[in-house]
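Chemist: Handing you a structure now.
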Amino acid sequence: MNQQLSEQEKQRRSSLEALRNLGIDPYPAAEYPVSHYAQDVHERYQKSPDAGEWKEVSLSGRLMTKRIMGKASFADLMDSTARLQLYLNRDEICPGEDKTLYNDVFKKHLDIGDIIGVKGFIFTTRMGETTLQVSSLQVLSKSLRPLPVVKRDEEGHVYDAFTDPEQRYRMRYVDLLVNDHVKRTFEIRSQLFQAMRRFFDERGYLEVETPILQPIPGGAAARPFVTHHNALDMPLYLRIANELYLKRLIVGGYEGVYEFSKDFRNEGMDRSHSPEFTVMEIYVAYKDYFWMMDFTEQLSEQVARRITGGSPHFQVGENTLDFTAPYRRISMREAILEQTGYDIEGQSEEQIRQKARELDLEIDDSMGKGKLIDEIFGEKCEPHYIQPTFITDYPVEMSPLCKRHRKNPDYTERFELMVNGKEVANAYSELNDPLDQRARFEEQLRLSEKGDDEAMFIDQDFLRALEYGMPPTSGMGIGMDRLAMLFSGQSSIQEVLFFPQMRPEKQPEIPTPEQFAAAGVPPAWRQAALEVYGDVDALRSQKATQIHQKLNGYRKKKKLDLPALQLDEVEKWLQN
RNA sequence: GACUCAGUAGCUCAGCUGGUAGAGCAUCUCCCUUUUAAGGAGAGGGUCCAGGGUUCGAGCCCCUGCUGAGUCACCA
């Protein structure tokens, strides 16, 4: 038996053996047919307690608590839907003389966390709780590790919750089992995808998949992860965006395409940044960003209704967000004017820089006009837009893939949807002028040469595609993780990713008897040396006389069937 | 990347001025036939994150490292 096991783990392993010795397979292969789910029972039993279906039910799930009172016990069974209380009466489940199933199997060898199947009938206890009285019970899977026991009282107070974020993220399976709200978060996440997919599909747009391994990482300004393809003997990059591929498909003649894209960026991690994250991007031909605003507000309203169960209102902290379309639309210039009283229109880069200094923003000389404006907006305006609001017409320097504004070439036809003071969606009238696009890429190349390691690469094939002609197109992207955070009320991106990236755990090295061979210990004495000293170095640090006495003492105590150790033998070990 | 905080039993956490490592739940034994954060009696369970240092003596003080969290910086 492994020395590193905790007492409770050893206990469970011996229960496992005990079950086997009773002829019970702790991991049976056969299907366990189930007639009801726990939630079913709770929702329907009290309305028609006399219905025939309650006389014979079968459920399966995990044992979450045991409350034993002599010849009767209560337990909680948790299936994928809810918990249901079980009542076990010794003489009911063991009608004959043999009380083993109750006294040994249930009381001694079943632990919290074990997966079982039960059959019986539903009744209501004196305390008024819907309960299954068990007539037969089968072990479906024995759990060898103790589950954290989280208790909840009538007022909903939680005791001894499993809260350590590190453990919750590393062992999400445990987190999901004992923390009910965690499952809900991921259900919301799934509903967001479903609602969007339905919205797009109803309008005839095609869900597509584009390369994750890309020879040129394009479509965004970010540092990529690099990998290497052996057969081609060339570097490949994990995509930082899928935009340029989706536009190629619009060139190819699709009316509208969308993709839920897992993107990767080799940058810092924090509460709102994960190295892998999911973005929904959609591109629709013959549309502009005004059309896309209409489309986006309809989408948002539908998504909100899906999450709330029909209402366009959604509570986040102290704010009630109203997703009813249409939303307010305000240009970036107007937004800055509104929040700071400063009009950027017609101002030179130097004037704007001066204003940014007055506003106490952290800026440096490398920042161009666009970057300065963005800084002012991000610091002074963004947090104020709580209700869904479109911010439109961004400076051209910040948007190398976006069409210039039809009325003012210093700006672009771009909007972001702000909700609760944060960006939720980003959209353009897409740039389809191949010559302008080439010039913008070349500007990026100059930034790259100046040391900006996030400037975009020039994608020659993408330019070739544009040269064949792309219809006027509007595209829109939504960060799905951050949207999931918004709708699940989470403030950390790790809470909406099942398995957030973490440094690998260090596996403690478990000493084995074999390692004592290195210290010259003969096979017969290695187990004893392990028990006494724990590891080889501990043994080596001792004098021969001390080892001699300790090991012989151990031999006597454990009544080992070995000849007593001689001092000169031990001295020989240590000479090696 | 900087700073702050944290790491003690399966889980949640105490641990005083440096002086034999504690509680609740969980586990084990015994009692108990409608309980529900069940209860009663008893017991066991620890690499105090790791490695150095100071000290007669370190969970506690100092240094280094590891892991995580938070704040900031960076970041379409």
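The values are calculated or read from the model by the stated rules, or taken from the named source; none is laboratory data. In this text, all values refer to a predicted model and were calculated from it rather than measured experimentally. Note that we place each Cβ from the backbone using ideal geometry, even for glycine, and neighbour counts take in every protein chain shown.
Chemist: So for the stretch A:24-38 (the condition being farther than 25 Å from A:Arg145 by Cβ, within 16 Å of RNA strand B (Cβ to nearest atom), not basic (Lys, Arg) and not in a helix (DSSP H, G or I)), does at least one residue qualify?
Modeler: No, the stretch A:24-38 contains no residue that is farther than 25 Å from A:Arg145 by Cβ, within 16 Å of RNA strand B (Cβ to nearest atom), not basic (Lys, Arg) and not in a helix (DSSP H, G or I).
Chemist: Could you check, for the stretch A:130-148, whether at least one of its residues is within 11 Å of RNA strand B (Cβ to nearest atom), free of Cβ contacts under 8 Å to residues at least 12 places away in the same chain and of a type outside the set (Ser, Thr, Tyr)? Quick ask: steps written out before the conclusion?
Modeler: In the first step, residues of the stretch A:130-148 are kept if they are within 11 Å of RNA strand B (Cβ to nearest atom); the result is A:130-133, A:145-148.
If we keep only those that are free of Cβ contacts under 8 Å to residues at least 12 places away in the same chain as well, we get none.
No, the stretch A:130-148 has no match at all.
Chemist: Do you know which of the residues in the stretch A:458-490 that are buried (at least 20 other Cβ atoms within 10 Å of the Cβ) and aromatic (Phe, Trp, Tyr) is nearest to A:Val316 (Cα to Cα)?
Modeler: Looking at residues that are buried (at least 20 other Cβ atoms within 10 Å of the Cβ) and aromatic (Phe, Trp, Tyr), I get A:Phe487.
Chemist: More than 9 Å from RNA strand B (Cβ to nearest atom) and out of contact with any Gly (no Cβ under 8 Å at 6 or more places or on another chain): does that describe A:Gly61? Can you show your working first?
Modeler: Values: more than 9 Å from RNA strand B (Cβ to nearest atom): yes; out of contact with any Gly (no Cβ under 8 Å at 6 or more places or on another chain): yes.
So A:Gly61 passes the test.
Chemist: Are there strands (runs of 3 or more DSSP E) fully within the stretch A:44-147 with at least 1 residues that are surrounded by fewer than 17 Cβ atoms within 10 Å (Cβ to Cβ) and of a type in the set (Ser, Thr, Tyr)? List them.
Modeler: Values: elements: A:57-69, A:72-78, A:83-89, A:115-124, A:130-141.
So the answer is A:57-69, A:115-124, A:130-141.
Chemist: Okay, next question. Considering only residues that are within 16 Å of RNA strand B (Cβ to nearest atom) and part of a strand (DSSP E or B), look in the stretch A:276-304 and name the one that is surrounded by the fewest Cβ atoms within 10 Å (Cβ to Cβ).
Modeler: To start, the set of residues in the stretch A:276-304 that are within 16 Å of RNA strand B (Cβ to nearest atom) comprises A:276-283, A:289, A:292-293, A:296, A:300.
Checking which are part of a strand (DSSP E or B) leaves us with A:276-283.
On the way: A:Glu276: 15, A:Phe277: 19, A:Thr278: 20, A:Val279: 20, A:Met280: 21, A:Glu281: 24, A:Ile282: 25, A:Tyr283: 29.
If we take residues in the stretch A:276-304 being within 16 Å of RNA strand B (Cβ to nearest atom) and part of a strand (DSSP E or B), then A:Glu276 is surrounded by the fewest Cβ atoms within 10 Å (Cβ to Cβ).
Chemist: Name the helices (runs of 4 or more DSSP H) wholly within the stretch A:164-275 that hold at least 2 residues that are more than 16 Å from RNA strand B (Cβ to nearest atom)? Working first, answer last.
Modeler: Details: elements: A:165-170, A:172-178, A:180-202, A:243-251.
In the stretch A:164-275, the matching helices (runs of 4 or more DSSP H) lie at A:180-202, A:243-251.
Chemist: Additional query: From the list A:Glu430, A:Glu442, pick out the single residue that is in contact with a Cys (Cβ under 9 Å, 6 or more places away or on another chain), at negative phi and charged (D, E, K, R). If you could, list the steps in order and put the result at the bottom.
Modeler: Details: A:Glu442 fails: in contact with a Cys (Cβ under 9 Å, 6 or more places away or on another chain).
Selected residue: A:Glu430, the only one of A:Glu430, A:Glu442 that is in contact with a Cys (Cβ under 9 Å, 6 or more places away or on another chain), at negative phi and charged (D, E, K, R).
Chemist: Looking only at residues that are modelled with pLDDT under 90 and aliphatic (A, V, I, L, M) in the stretch A:377-426, which one is farthest from RNA strand B (Cβ to nearest atom)?
Modeler: Taking the candidates together, the pick is A:Val396.
Chemist: What residue, of A:Glu318, A:Glu350, is under 28 Å from A:Ser488 (Cα atoms), out of contact with any helix residue (DSSP H, G or I) (no Cβ under 6 Å at 6 or more places or on another chain) and modelled with pLDDT under 90?
Modeler: Values: A:Glu350 fails: under 28 Å from A:Ser488 (Cα atoms).
A:Glu318 is the lone residue from the list that is under 28 Å from A:Ser488 (Cα atoms), out of contact with any helix residue (DSSP H, G or I) (no Cβ under 6 Å at 6 or more places or on another chain) and modelled with pLDDT under 90.
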